[in-house]
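The values are calculated or read from the model by the stated rules, or taken from the named source; none is laboratory data. Nothing here was measured: the structure is a model prediction, and the numbers come from that model. For neighbour counting, all protein chains shown are included, and Cβ atoms are generated from backbone atoms with ideal geometry for every residue, glycine included.
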Amino acid sequence: MALEFVQVSTTVANQQAAAELARSAVQARLAACAQIAGPITSVYWWLDSVESAPEYVIWFKTTVERYPELEEHIRTGHTYDVPEVICTPIIAGNDEYLSWIRDEAVPGKDDE
């Protein structure tokens, strides 16, 4: 079974940033959808100390083919110096849902 689909996650500082990043990625057809949750509390090392901050997490559903462009989009549109971009394989799922991802995360689809 070839890997075709992935879920990509990132975190951002506030709900507005999450909404803007999610919408811009979906509008650009880099992902079929984006889901936003939060606020969450992140605890992490930064500049030699333990920090804690509220954040929002975004999960993008896309294809392996679209991942490199989605990663670049996230990195370019992000306010963090080192943004989280985690790509997790989707090894199985509802065939109709996966087909929908395939059909929607297509460059130039709106040009048809």
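A few comments on the model shown:
- Every condition in (1) touching a helix residue (DSSP H, G or I) at 6+ places or on another chain (Cβ under 8 Å); (2) closer than 16 Å to P107 by Cβ is met by Y67 except one, and the failing one is (1).
- Residues within the stretch 37-70 that are outside any strand (DSSP E or B) and at pLDDT 95 or above, tallied: 8
- Residues of the stretch 8-27 classified as under 20 Å from S42 (Cα atoms) and either under 13 Å from the mean Cα position of the chain (by Cα) or outside any helix (DSSP H, G or I) (or both), total: 12
- Taking every residue in the stretch 84-107 that is surrounded by 11 or more Cβ atoms within 10 Å (Cβ to Cβ) and pairing it with any residue that is assigned to a loop (DSSP other than H, G, I, E, B) and of a type in the set (K, R), at least 6 positions away or on another chain, the pairs with Cβ-Cβ distances below 9 Å are E104/R29; A105/R29; A105/R66; V106/R29; V106/R66; P107/R29; P107/R66.
- Qualifying residues in the stretch 71-112 (those that are among the acidic types (D, E) and assigned to a loop (DSSP other than H, G, I, E, B)) - the one nearest to E4 (Cα to Cα): E84
- In the stretch 18-61, of all residues being hydroxyl-bearing (S, T, Y) and in contact with an Asp or Glu (Cβ under 9 Å, 6 or more places away or on another chain), the one that is surrounded by the most Cβ atoms within 10 Å (Cβ to Cβ) corresponds to S42.
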